[in-house]
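Shown next, in structure tokens, is the structure this report addresses.
The values are calculated or read from the model by the stated rules, or taken from the named source; none is laboratory data. Here the structure is a predicted model, which means the values were calculated and not measured. As a convention, Cβ positions derive from the backbone with ideal geometry for all residues, glycine included, and neighbour counts pool all protein chains shown. Accessible surface is based on the protein model in full, side chains and every heavy atom, while ligands, DNA and RNA are left aside. Shrake-Rupley method; radii C 1.70, N 1.55, O 1.52, S 1.80 Å.
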Amino acid sequence: MMATIPTVIYAFSALFIFVPFISYFKPSSTLSIIVASVVLSLLIIPTMSLIFLNIFNSLSKKYMKCCMNLSISKEEFFFKFVIKNSITQLSQGVLLATTRALGDTMIVLMLAGNALAFPTSIFDSTRSLTSHIALIFANDFESMAFKAIFLCAFLLLSSNFILILIIRKIKGKTYEV
């Protein structure tokens, strides 16, 4: 159910719940990298959980009876067999969730502080590439702002493309048990 919630709802919830909590401990860091990172991690947990559950269920249904006949406990079966034989799929799930987090605009736009400055710590404000693309409106097609938008979009596209290539490379190395 959490995977169906729009990211703007995550961001608004964090503005009213998480940001005051962080400002209680460190007043200068209300909108910062740490706030956006925590909320982004909450965003990708449902995606990774669904992927991991599908992996674990497919493996456990396939081999559980064999391991039960060998008198292997459920915990031993899970840690020594399921985890060991699904490392490649687990890494694919993490990379897929990372691509979702890289493309998110609303959470980092609302929670990262939106400052055009180089951050020196995780408590500083910053602006992400997706936020920059959403905020910059360029009418002139020859302006530097318009070219900067395309450069940001190219960087996002190439980083996601590289992650997808890594996922496909890992998929090619999947071993059958």
Inset, instruction - On the protein heavy atoms, probe 1.4 angstrom, tell me the percent of accessible surface of region 1-158 carried by carbon and sulfur. - result: 72 percent
Legend entry - More than 19 Å apart - percent of Cα-Cα pairs taken over the chain: 67 percent
Legend entry - the chain: DSSP helices with Cα axial extent of at least 20 Å and average Kyte-Doolittle hydropathy no lower than 0.5: 33-69, 87-103, 144-172
Legend entry - Student exercise, the chain dipole from Lys, Arg, Asp, Glu Cβ charges, in Debye to nearest 20: 800 debye
Inset, instruction - For the chain, report the accessible area per residue in Å² (1.4 Å probe, heavy atoms, rounded to an integer). - result: 65 Å²
Legend entry - Candidate aspartates and glutamates for bridging to LYS65, where Cα separation is under 15 Å - those fewer than 8 sequence places away on the same chain excluded: GLU75, GLU76
Legend entry - Theoretical gain in end-to-end length, PHE21 to MET68 [0.36 nm per residue, Cα-Cα removed]: 12.2 nm
Inset, instruction - Would you work out the charge dipole size for region 1-88 about its Cα centre, treating the Cβ of every Lys and Arg as +1 and the Cβ of every Asp and Glu as -1, and quote it to the nearest 20 debye? - result: 320 debye
Inset, instruction - Quantify how much of the Cα-Cα distance distribution of region 95-177 extends past 18 Å, in percent. - result: 56 percent
Legend entry - Proportion of all alpha-carbon pairs of region 111-154 beyond 12 Å (%): 61 percent
Legend entry - Long-range HN-HN contacts of ASN114 with modeled amide H, under 5 Å: THR126
Legend entry - Loop trypsin sites (Lys or Arg not before Pro), region 83-177 (other Cβ atoms within 10 Å of the site Cβ: 10 or fewer; DSSP): LYS173
Legend entry - Modelled label reach - SER28, point 7 Å along Cα→Cβ, region 117-152 residues with backbone N closer than 20 Å: 117-127
Inset, instruction - Evaluate E = 1/(1 + (r/R0)^6) for LYS84 and ARG168, where r is the Cβ-Cβ distance and R0 equals 30 Å; express this FRET efficiency to the nearest 0.05. - result: 0.85
Inset, instruction - Compute the relative contact order of the chain as a whole-number percentage, counting only Cα pairs closer than 8 Å that sit 6 or more residues apart in sequence. - result: 27 percent
Inset, instruction - Counting residues in region 47-113 as N, plug N into 2.2 N^0.38 Å and put the Cα Rg over that result. - result: 1.54
